[in-house]
Every structure is written in C-alpha cells, then in structure tokens.
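Undergrad: The structure is given below, and queries will be raised subsequently.
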Amino acid sequence: MEMLKKIFKTCYDGIFEGTSKNTKIALYVLFALSALFIIFAIQILFWGLGYTDMDNNFTWGAWIIGDLGLVGLGGGAFTTGYILYIFRVDKLRPIINSTVLIGFMCYLFTFVFLLFDLGQPLRCWFGFAYPNWGSGVYPVSMLTEVFFCLSFYFMILVVELIPTILEHKVLIKNKYVAMIAHYMHLLMWTMAAAGTFLSFFHQGSLGGGMWGALYAKPVWYSPTFFFMAIVAAMAGGTSFMTLMPYIAGKIMKKEVVPMETFQLMARISGFIFIFYFVFRIFDIYKSAVVLAPMGGREYLDMWGGYYGIWMLVLEMLLFAGPLIFLNIKKFREQEKFMVIGISCGVGAIVTSKLSVLLHGFSAPNFPWKGFTAYTPTIQEWAITLGCFSIMILIYMAFIKWFPLFPHLEHNEHDAHH
Amino acid sequence: MEEKKIEIKMKRKWGMAIDLDKCTGCGKCSVACNQENNMPIFEDDSDVPKRVAFLELMKVTNDKNAKFPDVKTAYLPKMCMQCEGNDSGKHKADPPCVSVCPAVATDVGDDGVVSQIWSRCIGCRYCQAACPYEARVFNWWKPEYEGSFKKSLNTDVSVASRGTIVKCTFCSHIWKRERDAATAKGILDINAVMYTPACAAICPTGAIVFGDLNDHESEVSKLTTSNRAMRLTNSIDDIKDPEKKKALLNKKQFANPKVYYLTSQSWLRDMMRFKKNS
Amino acid sequence: MGRSLLLFFTPFIIFTWIFFGISQKGCDSVMQADAAKQLPFNHQSHVEKYGTEDCQTCHGYEENGRFKGTPSVGDCTSCHARDAVLNSNDPLEPKRKPMLDSFKDTDRPWGSFAKQPDLVYFSHKVVMTAKYEDGRLKSRCGSCHGDKALSTDTKMLKGKMLMGQCMDCHTALKLSNKCAVCHD
Amino acid sequence: MKKIERKDFLKLGGGAVLGGLSGWVFSGAPFLGFQWLAEWTQDQYVPVKGFEKYVQAVSDSCPAGCKVSVRMIGERAVKIESKDGVCPACHNALQLTYHPERISTPLKRKGDKGDGKFVPVTWEEAIKEISSKMNSLITEGKANSIAAINKNESLNGQLMEKFIKAAGSNNVYYEPSLKSLTSSALGGYINYDFANTDYVLSFGAKLVEGWGSSADMQKVFTQWKSKGTKIVQADTVCSMTASLASEWVPVKPGTEAVLAFGIANYLITGKRLNSTGEEFGKWSQLIINKFPLAKVASYTGVSEERIKQIGDEFSKAKNPVAVSGKGAHGVNASSAEIIAVYCLNTLVKSRAASLMTNSSVSYKGEFAGLDSFIKDGNFSMLFLNNSDPVYKSVLGEELKKKMEKAFVVSINPIMNDSANYADIILPSLSFLESETPENKTVVSNFKESKDAKDIIIALSKSIDKTKDAFSFTNGIDSFKVTGKETASGAKFSFNVDKIKNDIDALDKKFAANAEYPLFMIPVEAPLVGDGDGLAFPYVLKSIDPTVFYKGKLLVQINRETGKKYGLSENESIVIRSTRGKLDKVYVHLTDTVAPDTVAMPLGFGHESYTVYGSKKGVNPKKIMAADVDPLTGTADWWSTRVKIS
C-alpha cells in the first residue's frame, strides 16, 4: 500500500510539478476524459456497438468522422516531411518533430477509432489475411487499400518518430544512440519519399475514394473524390501542423518554432488551398450537373434535414480564410490573420469531412423516407473525446520530456551561456 | 446420355417479381422470413433502424405530395435486391456492396444471389453504407433467443454472432436443401432444381413470384418484362433510348437489382423514383 | 564454441520434443481426436469378411438426401442380433455382441470427428454422386476421411478438415468456389 | 570439465525457452488456439440438428380451421407453411408453442387479484377447487351467476357454451367478432358469397387487412383482381383496402351508418326498391324522414351526387353486395349500421349475402353482448376460454372490478391481462399440440398443459349437474359434434323500436362539440390486429415505424388538423375523452387520415401479455365511448369524441 502511494506520488509529482493552475485544471480534465474513454471502451468492446447511435441507415458515426479528420489533418506530416527532406527546405526543420509526432498520433488513433468501429475487433486481421484484392494490381475494396497503406505508413511514421525519442537528453549521451539518431536523420528522406507515396493512396481512399466508389449512392459517388481528398489532406494538414505548435507556444508563452517557419508553412498551406478550392468547386459542379442526375437524384434535394446546405455554405465561408489570409503577403505577415487563416483552413477540412458523413448518411435512400439524424451517445462522445485528450496528453508529454521543438532547446541552451 | 446430364454450368439467375397491386400488406412474408432465417428475438424491437430483419414491410404513402383524400397507401415488402451491377468498361459488373468488402465476406454466387458470410465479416459496415436499398442489417446486439424460442430455430441457417452483417439471400439454403433431395432422387442436374423462398411460399395472394430470370418461359421472367414492372429507385430504367442508356452504362455502374415491383398505380410508380424538385 | 552449442542445443532439443508432445496432445483433445468412442469397431474385418465395401451400408442417407453420419446401434444389431449365438465356429456368422446390450437401438455411441461448423451446408449426397463425364465418381469417402476400409479401430485417419481442403478439391475439379456454394 | 558459469546458464535457459517455443509452434497449437479464439468469440447458438420432415396439421383454435404444413427438425417444429393461406393467429402458433412464457402447470392465485402472483397446483387440485365452487353455486340455485367468455366460435368455444348451458346458465359470451355482432343484430351471421359478386360496397370493412376469415379474404381478393370486381370502400383513413379498392369514398369518422342510410334512402325513394325484412315500412319512414340526402351529405362529407351514383351502380350491378363491420381483426359496428347495410343487400335482393346460424353457437345470452354483460351483469363465477375481455373490451376496467369479487377461471396458453385477475389458470395448448381426427399432434404437449377441449370435458365431468353434458370423455371425439351451419330460417327484422334511440342519438353524436372537437377512431397495424399478435416477437419485428417507434406509440393525425393544434411530428400529446385520458402518445402527421380525426392504433397497451406484449404504448379502449348498443351489446368504438393537448 505504501509502495503504491509512493509510486502514485512520484508519478503525480512528475506530471504536475511546476505546472500552473490552469494547466493543472486542463490536465485533470484530460485525465478524466481518458479515464472515461477506458470505461466506455471496455463496454463497447465487450458488449458491442448497440450502445452507439449508429444504426442500419446511419452506418457510421463519430468515430469515422474522427478517422476522416485525423487522417485528413495528419496528412500534413507527409507534406511537410516531403518538402523538408526532398526539397531540402531547411526552414521547416524546427517544426518537423512536432509534425511527425502529430502525424503519428493521428494515425495511431485512426487505428483505434477503426478498431472500435468494427463489429468484430478480434477479426481485424482478416483485412490483411483475406484482402479483397481481386485479380488486378490495385485492390478492389477501398478499405483493403486503407488497411494496407495505413499500416505501412504508420510504420514509416514510427521510424520517423524514433530519432525524436532517441534525441532525449539522457539517451543521446550514449554514443551508439547518438550515431543511430544521426544516421536515421540522414536517411529520413527515403522514409519521407515512401511515406508520401503511400500517403497518396490512403489519403485518397479513406478520405475520398471510399465514398466516391459507392456508385449506387448518388450522395457520395464521385470518381474524382479520391484525388480531391489528397489535395485536401495536403492543404488542411499543413494548416493543422502549423496550428498545433502555435497553440502550444501560446500556452507555454515561449517561441517554440521560429515565426518564419510558421510563415512558410502558412504560405505552403495557402498555396495548396487554392488548388483544393478549385478542385472542390469543380467537384460540386460535377456532382450537381452530371453525377447526381445520372443517379436519378437532384443535387439540392439531397441536402436537407439537420445537415442541410448550410454545411456547404459554411465550408465555402471557411475557405475564404486560407485563400485570402494565407496567400496575400500583407495579411499573412500579421500574426492574427495568419492564425485566422490556418484555423479556417483546418475548419474547412473538418467541415467537409463532417458533411461527407453526416449529410451523406442522413439523405434518404427511398423517396418516401425523410432525412435522418444522428445524435452520438455518451459512449461515442467519451471514446472520441477521450482519444483526443490522450492525443493532447501525449503531445504535452513529448513537449515536456522530449526534444519536440529543437528551436526551443537551442534557445534555452543559448540563454544558459 | 447419363453423363450429358451432369452439367456443372449454372444457368439459373434467380429473381423476384412483387405485384404491389396484389399485395395487401398482411405481413405474412415478414413473419415467414423471420422464422425461416432465425431472426434474433428482442423484447422490444421498435428501434427500427437497428432492427435485424431481412424483409422490411415498408409502408408507403404519397401524403408528402397529396392531401386527404387524394392519398394512397401501399405496403412494399423490401428484401435484398440481389443487385448485379453492370460492366461499365472500367469496372466489371459487381453489386454495390461486394466490391467494397475488405475481407471478401460477401460475394455474388453463380446463381446471381449475393451471399454474406458472417463468420468472415469483420463488421466494418462499409457494405451497408454502399447499399442503396438498406437491405443489409447489422447485429448491433448479440442475437438472443430466449428460452424455448431456441426450439423453433431452423438448422439450415446458422445463427450469426454479434457485430456482423447479415442479409437476405433469397433463402438460398432452401435451394441447397432441394438440391440435396433431388440428388437423392437421382436428379443430378443442378439446373433442374427449383425452389421457393419463404416469403414467396407464404404469400396468400401470390403477389411475390420467385423464379429464374434466365428462363424466358418462367412466370417471373414474363412478369418482369411486363410494362407494369419497375425497379426501386433504379432510375436508369426510365431511359428509353437504347443508345443513351448504353452510353450511361459505359460511364458509370448502376445497381441493376433483380427484384422487380409490379404496379399499375401511377402514384406508386412515382414513389419508386426520386421525383425532381419534390 | 562447441561447448556453447552443446549447452544451447541440448535443452533446446529436449524442450522442443517435450512441448511438441504436450501441445499436440492438447490439440488432439481440442480437435476431438479422442471423441467419445464407447464402442470399438473394426472396419477392416467387416469389409473383408462381409464384403461391405460400400460405406453406405452403415453410413447411409436419409430419404431427403441428408447424410446419416455415424450409424445407430440398431444398424449393428440388425446383423449382430441381440439373441444370436455368442460363439460359433463359422467365422462369417454374425455373433451376439454383449457390449451392445447396454445400448438402445437408437443410440449412437460414437462421436463425430469431422463435425461441420454450423454455417457450412455440406451435402454428402451431392458430393458423392458427382461424376466425371466418363462415369467415374469425382470423390470417394477416402478423399476426406482416409482409407477407413483398412483401419481396425475408430480413430480419425485424416486430421481436422479445414476450408482450404474443400476449396482445393473444388479448384482441381473446376467447380465453383463461391462462398454461397457451401455457406449460408 | 569447465565450471558452469553464469553465461552458460543463460545459454541453457535460452535453449530451453526457444526449444519449448518452437515445439509449441510446430505442434500447431498456436494456430489452433487462434482459431479457437475466433470461434469462441463468435459465440453463436447452434440449433439442434435432426431429421427433417413435414407434418400436416389443421387448426382447431381458429374458426376458419387453417390447414398448415409444419416443417419439423427432429421433434422440433421450425416453420409453418401453408398453400391455402393461414390466418395470423395460426401463423404465429409456432411462436406461441415455443413461447418462453408459456404457462406450464395449473396456477392458483396468491395475493391480490391483478398482482400477477400465482403458485403451481396439480390438475386434480385445480379441477377440484373449480368443481366445488361450481357445485355449490348450482345447489344454491345461483347457476345463472356462472358465466363464460369465449374467444371465438371454434370447437373450444362450442364446448364451453354447451358446458355452461348444461350447468344452467345462459351467460355465454364471445369476444366481439363479425359473426357475433351480425348474429345479434340480424338474427344470424352473414355468409358472403364473395367469389361471385361483381360489386362490393364496403362500409369501413377492411376486407383485405384481416377482416372476417382473413386467409379466405386474401384468396377472394385475388379473384376480384383477376375478374375486375368493382370494390367501393367507404373509409375514414386511407387503409390498404381503400387504396386497393376501385373507388375509395372518404367519409367523416363514424358516419358509415349514415352513408348507408343515405344510399338506402336513395334506393327506396329514388329507385322504388323494397326490402322483405320485418318492420321495413317503419324503418324506411324513419330514415326517409330523418336522413334526407342533403343531411347525409353534410354528415358524411360525401356529396349527394356521389351517394346517388353509388346507389345507381349498386342497384344496377348483377350481383352486388354491401358489407358492414368496420375494422380488420377487431371488428366493430353498431346494430343500426349492420341493419342499414344489410338492408341495402335486401333492397337489391343480393344473392351474395345470406343469413346463417350455427347449431352449437347461439350468441344469445342473458344480455345482448359482452359489453352489456360487463356493464349490467353480475357473476360470481367466470370462465375465460382463451379470451381477454379485460384488454379487448371498452369496459375492461369495470370487468376487473367485477372479477375481483368473483371466482375466475382462465384457460390460456400464455398469460394475458384478464388471466392476471383469475383465481385459477389452466394451461391450454397451441393448435400444433392438439390432435384432430385427421392429424396427430405436431409437437408434444408443453409440460403439464392440456388441450382446452379436454379441460372443458374434464370440468364438466367433475360437476354433478353437467356430468352428462358430453357423451364422450376425449377431446378428439368432440369433433363429431361440431356445430352445423344452416341457413337462418327466421326472417330478419329491422328492430326499429330497439335501435330508434340510437339513430336519434346520431344527430347529437355528429354535432359540433366544443369541448371534445375531435373523433378518435381505431386503426390496426398488420399482424398486431386487435392486440393478439403483440406477444410474438416476430410480429414486433414487422411493426412499421409510423405506428410504434423506439417505444413510442404514434397516433395519426391529419396535417391540417395538426397545424390547427400546433402539433409537430413526434410531439408528445395527451388525448382526453369523457372517460379518461391517454398520455405518452406521440403524433404522426399524415394526410392518410381525415381531418379532425385521431387515428389510434389498436393492440397496444397490454398490462400483462408476456414481456413482449406488455407495457408498450397505450390501450385506446380505456377512453373509448362506452355507450352499449342495445342489440349487439357492445360499445361503438367509432363514436369517441376526444380533445388533445
């Protein structure tokens, strides 16, 4: 008992030592959410999905929204990595560790969400053991593709993350560790290249192709959705990768990443957003004019109920942020506009993912049926928010104990002298 | 001579025609289907979107567009439509649900029936999202059969576990049963064996007709080619110009279901399509 | 070096052998290799003495084509009559078997080795009557159950059937391997 | 030999561990274990296999006598199939047979009535208790205070009637059915020759939704379709029958009788047609004076031209028939309505409707019908033969109170609302378990339950006075004495004196009512019917979401009316009538019902009808108008005025 108390005390001190009151409250909330996650996770895994508000019409819910968002936004990792390691834009170096960590967590929790969404989590390996590959080179099922690409890319992210862990101030003292970390950094471009290659597939499939391939559902069917999702991930991902360290810096009241890196990231994001916007407009136009009528539906009729056309309008409004504030130098160089820009960018991507799912499932399949609604149950909320809070906790832990922001360490080191 | 008969090539393509002018909505098909396919039993089955039943007796009214007393009511028994899809050049013919399954748990049989093997199913529900007819159901809860209800379970249909998708397979286990019996009588030709699914067998007005669509003499073929026949929400059927239709079919896959609804009531025909701007 | 190898491999080999044995024993019991076989049966002597090569004599079919599986004691007593002689000089004459006395005619005191899972619809009749164009049977009992005719006991000859074995045969015979052929 | 060092131990240990591991892997155990894990998590129930056979059976519990073929696996019945059509009750018999809440032994009440606490007793004890009570009543000369309520006119009902009559009581009642209602009103039930008609005029009779002999009606319907028989349906809601009919005449709620008066009026005055019924003159004077076409049109909402057109078509058709009895499984109509509609048949000399009587079923008790018996009757002993009057009757609450004072015996396979108030419950069988002369039983009796026929015979043998009521001791022999159907000899009478008050009251019924502005009418969901189906889980599976959804019972209200009262879809409302209120009902706005009408699904709101049927929704009969009809002795379900809030 004494022993337990001691361990608890050590852990408690280790975590909460030297934190401000606000941070403490935030940490309590995050830990509470994580605890809820564990409780409800057990319920869902042992007693099934009946406790969710998903049903035979509204097949997927909060967790798939989480998946789409996480993968879409985690896409910033491969974009940043690619630009840094392949184009050798060294200005991005200060942000890469954070980017890789966020990417890693996004993918990790995508797996977690996917696992919860399976009715038979114990059979998850069937996706690898009996893939629906068909006879061609390319898999028949988009989900098969997601299974494989996601796993491979996740492994790459693990490899990319290892140097960050190895550079821990205790570990790096070991000469072998230092050597491994050094060479891994040097060889990271191969990983970045492979990661980008793989990312293209699963970003496309999970984010878009998966929905675009459902040819009998005019709400989703769109052959170009696959490619649009890749562009979306690049655009929104870079915004997200900028936003996260920025928020961290604000909370820590320290310059974790130099402003010029932020600026560059924002510029990249804004630039890709132009492409994404054009692509999205084209996609809406094509759906409305060609694809929906082909499936016997009127495009605007498919929008209705709780998740009506306002989602599309909101998405368009949010587009304005990155398009204007990130591309025009005058605005971008003002910090507040840059933040608005990247936040709107993230918002636009999240809204589009939400509308894919909520609007897609709520649209009736039969003419005499109305739009359906989806209200996640406590279990779904707890697991979704619990995962997010665990992500934040991991991020915080890395900030505290690992060299997530080399720039910060560098500065502190200078200050000492 | 005897050897000639042993023909392994499948000639059958099962299809169904449901005459809505004859359907009185009595619900016998639903009970028969539930009984035949060992549908799970729950104390309160009123959570309709989570209900596990292969055959849904859908009440259709035109009261969205019409006012009393110009309204009409019909019951529309809806099961899996056993879609075929079509060869669009880019993709070979496949039902909407089969191509999406990540674990090959669902497949089109040689007789055109879309099978679903629950023991292979991982429960991702992607096929449900893909199905335009809401024909696939998921075992949200563990299928329960309280007490002595277990005694009324059919041995030909296995009881699925929680967290898997199940669906109507046109009672194809009855076909296997009939094939068995035929073989015992010395009929080895698989194409000589006919069967009737539970819903069609119990229908008191003969509104549900089941048969072979490849056999042009069969009743179901005659019914499905009549001008009363319609397929639910499959809007491509409305395009009469063959050239245009062909072009469309080359552009995109369509569900192409094998269940036909027959009706002479124009309001019901309208209800089976998404009307423009309604 | 040699000493190291010796030190390593001696326990390695011993433990491989021990664990292999234990695990296999465990697997066998899980796979019902020791399924309750309350009555011994000599397949070989029955086939030789009475020329019942046809397995269907005991493992027959119901009227509707379903396979009966293991016979009932009634099938035994139809030859080994309950009131027959206990000993006779004629080796071909079926004798009374006292071990049958404790069973009713409807009892089936043998467990099944190769029980199909519930979701498999396997028809012995359909498989066993399928013929090639030249009239040869496509499959024999032995194809799946091993050469039971030569066995002297009720032990399983071939291991537990897995779906792959069914599919191999179907592929070789150019039969459909669609799921719904066997599964519901 | 070198000394064994620490490093060597590592080698030895490593070898052992790796060896064990490889041995384990090579034995195949991990793969088998994995498969076992997968199978274990699937955790599905495997039905017991057995030899498949088909067994033929004839139902002895439904009046139609459905013929079914039952698929058996070993000793288990797994499916009911039928080529000739089967009624919902017989179709559900499999679920009844294997119902987990079957009553397995005779039960004796323990605790207060309605508590639902029972203790098992033996058959001898149960019969002895009943017989001693009954014997003492008979010897005290109170035989007439023994009563019985039958579910229907099947053989069980006939035996029960004979038994009670033999005991010296006249109080045998039937749950209101088409036959019982028409018999009471017309002196015989109507045998319709639907196959040969060419014009069917139905007054709210939902012909294809379970009305009459439902299996036969489905057959008849297909014949009509193929022959092109004209079906004209007067109905307040757009029912399936209305939708499938050639013409639907939408009438205001409860005014079917008035429409019949109007048509009769037109046929008598306009077409100079005559009826042979007694008191026709008196009756025709009454309706001609009281119901001129203009008034009929304003009451029913059907235009005068339309009434005339229907009258013309009806009289000109070769073999027309007018059908009364509103509803589907639960039928209800006032005697005025039944007489008025039958009058139309006599006016056109319809060959398709003839009055019949059954030699074993009288439908005549001390009181006119079930509801009047509940209202005015007094009984000290009551037999419930598979019936559920507490649930089915509008006066169920009154019956409960009377049952609390009386000795009640219920013969039932499963619990129901009425059996909950019984002193003794005797478990009976589903038809699959009972033997008929043609067929053996399909499955063996459930535990200690017995055939209702045998129970009734055993009861009669145990009572001194009824010892000789039956000449046989075995239920199977009772088939020999099945009642014979014969054409009713008696001439039908309009009974004007008896129904005059009711006809006079119609004006008041349809007058604008400021306090209760709306009409509540009953509607039925497929398979649920009048509530019998609700105990069966596969019936629950087919209930449409517009009737019962996520535990909420929905009433259908016209959109315009909904707008008038500011109702929105799925909103919770309270329905009030003079008799009480129903809460926890929810609104479904649909134009399939007439304005100012609350279409309330029947069959829900059981109190104790197994776990599947109980406590789902509300029972509208609790607040239905309880004016008992003088001839049929039942309340009119269609004249309830309500308000909503």
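Undergrad: For the range B:172-278, what number results from the quotient of the Cα radius of gyration and 2.2 N^0.38 Å?
TA: 1.36
Undergrad: Largest first and in whole Å, give the semi-axes of the range D:277-389's equivalent ellipsoid, each being the square root of 5 times a Cα gyration tensor eigenvalue.
TA: After scaling each eigenvalue by five and taking roots: 34, 18, 15 Å.
Undergrad: Now for a separate question. Label 7 Å along Cα→Cβ of C:Ala81; the range C:101-141 residues with amide nitrogen under 11 Å?
TA: none
Undergrad: Is the shape of chain B best called rounded, prolate or oblate, per the rule: a/c under 1.5 gives rounded, else a/b larger than b/c gives prolate, else oblate, with a ≥ b ≥ c the square roots of the Cα gyration tensor eigenvalues?
TA: Since a/c stays below 1.5, the shape of chain B is classed as rounded.
Undergrad: Find, to one decimal place in angstroms, the Kirkwood hydrodynamic radius of chain D, where the mean of 1/r is taken over every pair of different Cα atoms and then inverted.
TA: 26.8 Å
Undergrad: Which links in B:Lys59/D:Lys500; A:Lys217/C:Lys174; B:Lys9/C:Lys115 stretch past 31 Å when you go from one Cα to the other?
TA: B:Lys59/D:Lys500; A:Lys217/C:Lys174
Undergrad: Here is a follow-up. Would the range A:184-282 count as rounded, prolate or oblate if I go by the C-alpha gyration tensor, calling it rounded below 1.5 in a/c and otherwise prolate when a/b exceeds b/c, oblate otherwise?
TA: prolate
Undergrad: Distance check, please: which entries in A:Lys369/D:Lys616; D:Lys326/D:Lys621; D:Lys400/D:Lys461; D:Lys165/D:Lys467; D:Lys550/D:Lys584; D:Lys402/D:Lys622 exceed 20 angstrom between their Cα atoms?
TA: A:Lys369/D:Lys616; D:Lys400/D:Lys461
Undergrad: Ratio to report: Rg/Rh of the protein assembly as shown, with Cα atoms as the point set and Rh obtained by the Kirkwood method; give two decimals.
TA: 1.02
Undergrad: Taking the Cβ of D:Glu448 as the center, what net charge do the other residues with Cβ under 13 Å away carry, scoring Lys and Arg +1 and Asp and Glu -1?
TA: With Lys, Arg at +1 and Asp, Glu at -1, the neighbours total -2.
Undergrad: Counting only protein chains, not ligands or nucleic acids, how are A:His168, D:His99 ordered by accessible area (probe 1.4 Å), most first?
TA: A:His168, D:His99
Undergrad: A further question on this structure: Quick one: length gained pulling D:Ser246 to D:Tyr54 fully straight, 0.36 nm per residue minus the C-alpha distance?
TA: That works out to 65.1 nm of additional length.
Undergrad: Right, another one. Compactness ratio of the range C:53-106: Cα Rg over 2.2 N^0.38 Å, N = residue count?
TA: Dividing the Cα Rg of the range C:53-106 by 2.2 N^0.38 Å gives 1.31.
Undergrad: Compute the acute angle (0 to 90°) between the alpha-carbon long axis of helix D:452-462 and the principal axis of greatest extent of the alpha-carbon atoms of chain D; round to the nearest 10°.
TA: That helix lies at roughly 80 degrees to the long axis.
Undergrad: Based on a Kirkwood Rh over C-alpha pairs, give the Stokes-Einstein translational diffusion coefficient of the range A:1-138 at 4 °C and viscosity 1.567 mPa s in µm²/s.
TA: The calculation lands on 68 µm²/s.
Undergrad: Kirkwood Rh over Cα pairs of the range A:84-148 into Stokes-Einstein at 25 °C, 0.890 mPa s: D in µm²/s?
TA: 170 µm²/s
Undergrad: Under a plain spin-label model, where a point goes 7 Å from the Cα along Cα-to-Cβ, how far apart in nm are D:Glu124 and D:Ser69?
TA: 4.6 nm
Undergrad: Let me know the volume per residue of the alpha-carbon convex hull for the range D:79-200, in Å³.
TA: Taking the convex hull of the Cα positions in the range D:79-200, it is 188 Å³ per residue.
Undergrad: Follow-up question, since we're still on this one. Taking the alpha-carbon centroid of each part, what is the distance from the range C:46-77 to the range A:1-72 in angstrom?
TA: Centre-to-centre (Cα) distance: 62 Å.
Undergrad: Another question, if that's okay. List the aspartates and glutamates whose alpha-carbon lies under 14 Å from that of A:Lys400, not counting same-chain residues fewer than 8 positions away?
TA: A:Asp13, A:Glu17, A:Glu167, A:Glu409, A:Glu412
Undergrad: Let me ask something else about it. So how far apart, in nm, are the two label points at D:Lys581 and C:Lys104 if each is 7 Å from Cα heading toward Cβ?
TA: 6.3 nm
Undergrad: Excluding ligands and nucleic acids, what accessible area in Å² is computed for C:Lys25 using a 1.4 Å probe, to the nearest 10?
TA: Solvent-accessible area, nearest 10 Å²: 140 Å².
Undergrad: Might you list the cysteines of chain D that have no disulfide-compatible partner by the rule of another cysteine's Cβ under 4.7 Å?
TA: Taking the Cβ cut-off of 4.7 Å, the unpaired cysteines of chain D are D:Cys62, D:Cys87, D:Cys238, D:Cys343.
Undergrad: In a Gaussian network model over chain B where Cα atoms closer than 10 Å are linked, find which of B:Asn37, B:Asn65, B:Asn227 has the largest mean-square fluctuation.
TA: B:Asn65
Undergrad: Please list D:Asp464, B:Asp19 from largest to smallest accessible area, probe radius 1.4 Å, with all protein chains kept in place.
TA: Descending accessible area places them as D:Asp464, B:Asp19.
Undergrad: Considering only D:Leu567, D:Thr578, D:Thr482, whose Cα is most displaced toward the positive end of the charge dipole of the range D:449-598, charges sitting on Cβ of Lys, Arg (+1) and Asp, Glu (-1)?
TA: Of the listed residues, the answer is D:Thr482.
Undergrad: Sticking with this structure for a sec: From Cα coordinates alone, what are the radius of gyration and Dmax values for the range B:33-108 in angstrom?
TA: Both quantities, over Cα of the range B:33-108: 17.9, 51 Å.
Undergrad: Put a dot 7 Å past each Cα toward the Cβ at A:Ser135 and C:Lys49; how far apart are the dots in nm?
TA: Taking the simple label geometry, C:Lys49 and A:Ser135 are separated by 5.6 nm.
Undergrad: While we're on this one: Rounded, prolate or oblate: pick one for chain C, where a ≥ b ≥ c are the square roots of the eigenvalues of its C-alpha gyration tensor, a/c under 1.5 means rounded, and failing that, prolate if a/b is larger than b/c, else oblate.
TA: oblate
Undergrad: Any of A:Lys91/A:Lys254; B:Lys142/D:Lys53; C:Lys95/C:Lys148; C:Lys125/D:Lys53 with alpha carbons more than 25 Å apart? Name them for me.
TA: Among A:Lys91/A:Lys254; B:Lys142/D:Lys53; C:Lys95/C:Lys148; C:Lys125/D:Lys53, the Cα-Cα distance tops 25 Å for B:Lys142/D:Lys53.
Undergrad: Accessible area, 1.4 Å probe, largest first: how do A:Thr242, D:Thr139 sort?
TA: D:Thr139, A:Thr242
Undergrad: Now, a different point. Treating cross-link reach as a plain straight distance, find the lysines whose alpha-carbon is under 19 Å from the alpha-carbon of C:Lys97, omitting any fewer than eight places away in the same chain.
TA: C:Lys37, C:Lys49
Undergrad: Cross-link partners among aspartates and glutamates for D:Lys552, C-alpha distance below 15 Å, same-chain residues fewer than 8 apart left out?
TA: Here the aspartates and glutamates satisfying the reach criterion relative to D:Lys552 are B:Glu43, B:Asp44, B:Asp45, B:Asp47, D:Asp544, D:Glu569, D:Glu571, D:Asp583.
Undergrad: Can you give me the solvent accessible area of D:His91 with a 1.4 Å probe, rounded to the nearest 10 Å²?
TA: Rounded to the nearest 10, that gives 10 Å².
Undergrad: Round to the nearest 0.05 the FRET efficiency obtained for A:Ala178 and D:Asp43 when R0 = 60 Å and r is the Cβ-Cβ distance.
TA: It comes to 0.70.
Undergrad: Consider a paramagnetic label point 7 Å from the Cα of D:Gln223 along Cα→Cβ; state which residues of the range D:319-348 have an amide N under 19 Å from it.
TA: D:319-324
Undergrad: Here is a follow-up. Hey, what's the Cα Rg ratio for the range D:1-136 versus the globular rule of thumb, 2.2 N^0.38 Å?
TA: Expressed relative to 2.2 N^0.38 Å, the Cα Rg reads 2.27.
Undergrad: Using the Cα atoms as the points, what is the convex hull volume per residue of the range B:78-201 in Å³?
TA: Looking at the range B:78-201, the number lands at 138 Å³ per residue.
Undergrad: How large is the dipole of the protein assembly as shown about the Cα centre if only Lys and Arg carry +1 and Asp and Glu carry -1, each at its Cβ, rounded to the nearest 20 debye?
TA: The dipole of the protein assembly as shown has a size of about 2100 debye.
Undergrad: Given R₀ = 60 Å, FRET efficiency for A:Trp381-C:Ser88 by Cβ-Cβ distance, to 0.05?
TA: 0.15
Undergrad: Any idea what log10 I(q)/I(0) is at q = 0.15, 0.16, 0.17, 0.19 Å⁻¹ for the range D:381-514, Debye with uniform C-alpha scatterers and no solvent?
TA: -0.95, -1.00, -1.04, -1.12
Undergrad: Any idea what the dipole of chain D comes to, in debye rounded to 20, about its Cα centre with Lys/Arg Cβ at +1 and Asp/Glu Cβ at -1?
TA: Roughly 860 debye for chain D.
Undergrad: Next question, about the same structure. Counting only other chains, what is the mean number of Cβ atoms within 10 angstrom of the Cβ of each residue in peptide A:125-137?
TA: 4
Undergrad: Using R₀ = 35 Å, calculate the FRET efficiency as 1/(1 + (r/R₀)^6) where r is the Cβ-Cβ separation of C:Lys174 and C:Gln56; round to 0.05.
TA: 0.85
Undergrad: Right, here's the next one. Pick out, from D:Ser393, D:Pro437, D:Phe407, the residue whose Cα sits farthest towards the positive end of the charge dipole of the range D:381-447, with +1 on the Cβ of Lys and Arg and -1 on the Cβ of Asp and Glu.
TA: D:Phe407
The values are calculated or read from the model by the stated rules, or taken from the named source; none is laboratory data. Just so it is clear, the structure is predicted and the values come from calculations on it, not from any experiment. No Cβ is skipped: glycine too gets one built from the backbone with ideal geometry, and neighbour counts run over all protein chains shown. Just the protein is used for accessible areas: all its heavy atoms, side chains included, with ligands, DNA and RNA removed. Shrake-Rupley method; radii C 1.70, N 1.55, O 1.52, S 1.80 Å.
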